[in-house]
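Encoded as structure tokens, the structure appears first; notes follow it.
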Amino acid sequence: MIELLLSSLRTPERALNRFLERNDDPLRGLALLVVEQIPDRQDAPLSEEGSSSAPQTGRLRVLSYRERGLSLSRNRALDNASGDICLLSDDDVRYRPDLADILSRAFEENPEADIITFQATDPDGRPLKNYPRRATRLNILSASRVSSIEIAFRHSSVLKSDLRFDTLFGLGAKYPIGEEYVFVTDALKRGLTVIHLPIPILTHPLESSGRKHDAKTTFARGAMLARVFGWAALPLDLVFALKKLPLYRKDRPFMSYLSSLWSGSWDYLKKRTSF
């Protein structure tokens, strides 16, 4: 069975309903697990207990929690998933009608793969990024361009390797980006096989934290590099700042950008090192 794992924030407009209407055809034949986080006053305690906010019938399950954090939500989905093949989802995507066939065929034809990443397009049908043009086995460097909504995996592989999302990263966390990169590189470090297939499966609005270069995002990016590379992140920050210079030079000076990277890397490393 193929199951979509959707992390959603409950809103008055109920983005979930719009997601279901938008993807009526692609969802036929698939199971859908929705982990819904309910906003609350910031000074109010959040309960860790989950409850059903919709009838647990058919192929749709909805679990609601009074808590915050995308990675926390993703981990709830991993804990409660029942599909053999799972695809991470978001409530603003539109899937291809033949999504189920694409996923089934991909894992059948690549039995060695524990995780397969796919491609996304913008509303005009253009690729969201420069993807590999052929099937590629990803490594710790090439995995850096993967977005969460492109990730599908064998649930059994994730369970056996005790793979989780790091709750320090992602929206709602201390470091609000990078949770998918940490997840995939943790998979690689555990010996899982991750491949990319040049097959588009969804449309997504053209927006990305990877295009943000403000101090807060750059700080988080430095922490992400430290999480993946350890102390090697400090010289890698310099390489990264030089490589990305054409993208941020109109917004920030080089040394300001590099300083934010180093600050983020050091912030992560100093709390996890005994001197």
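What follows draws every value from the coordinates through simple rules; no lab data is involved. Treat the numbers as computed from the prediction; the structure is a model and nothing was measured. Because the Cβ atoms are built from the backbone with ideal geometry, glycine has one as well, and the counts that use them run over all protein chains shown.
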Sequence-distant residues sharing a close amide H with ILE177 (under 5 Å, placed H) | GLY170
With the Cα gyration tensor of region 212-270 giving a ≥ b ≥ c as the square roots of its eigenvalues, does the rule (a/c under 1.5 for rounded; else a/b larger than b/c for prolate; else oblate) give rounded, prolate or oblate?
-> prolate
Once phi for every residue in region 16-30 is put through the Karplus expression 6.51 cos²θ - 1.76 cosθ + 1.60 (θ = phi - 60°), the whole-Hz ³J(HN,Hα) values, with Gly and Pro written as x, are 4, 4, 5, 4, 5, 5, 5, 10, 4, 5, x, 7, 5, x, 10
Taking neighbour counts of Cβ atoms within 10 Å as a proxy for exposure, in what order, fewest first, do ARG133, ARG66, ARG61 appear?
-> ARG133, ARG66, ARG61
Using θ = phi - 60° and the Karplus form 6.51 cos²θ - 1.76 cosθ + 1.60, what ³J(HN,Hα) does each residue of region 85-91 get, whole Hz, x for Gly and Pro?
-> 10, 10, 10, 5, 9, 9, 7
Derived scalar couplings ³J(HN,Hα) [region 98-103; Karplus, 6.51 cos²θ - 1.76 cosθ + 1.60; whole Hz; x for Gly, Pro] = 9, 3, 4, 5, 4, 5
Answer in debye to the nearest 20: the dipole magnitude of the chain about its Cα centre, from +1 Lys/Arg and -1 Asp/Glu charges placed on Cβ, is 1060
Mean residue ellipticity at 222 nm from the helices of the chain, using -39,500 (n - 2.57) per DSSP H segment of n ≥ 4 over the full residue count, to the nearest 500 deg cm²/dmol?
-> -10000 deg cm²/dmol
When the charge dipole of the chain is computed with +1 at the Cβ of Lys and Arg and -1 at the Cβ of Asp and Glu, the Cα pointing farthest to the positive end, of GLY264, PRO132, LEU63, is that of GLY264
So what is the orientation-averaged projected area of region 88-205, using the convex hull of its C-alpha atoms, in nm²?
-> 7.4
In Å and from the alpha-carbon atoms only, list the Rg and Dmax of the chain.
-> 18.9, 57
To the nearest 10 degrees, how steep is helix 70-80 against the longest Cα principal axis of the chain, on a 0 to 90 scale?
-> 40
All lysines inside 29 Å of LYS270 as judged from Cα atoms, apart from same-chain residues fewer than 8 positions distant = LYS174, LYS189, LYS212, LYS216, LYS243, LYS244
Give me ASP267, ASP91, ASP25 ranked fewest to most by other Cβ atoms within 10 Å of their Cβ, as a rough exposure proxy.
-> ASP25, ASP267, ASP91
Using the alpha-carbon centroid of each, what span in Å lies between region 221-272 and region 87-125?
-> 31
Return the long-range amide H neighbours of LEU128 (sequence gap of 5 or more, or a different chain), with a cut-off of under 5 Å between placed amide H atoms.
-> ALA120, THR121, ASP122
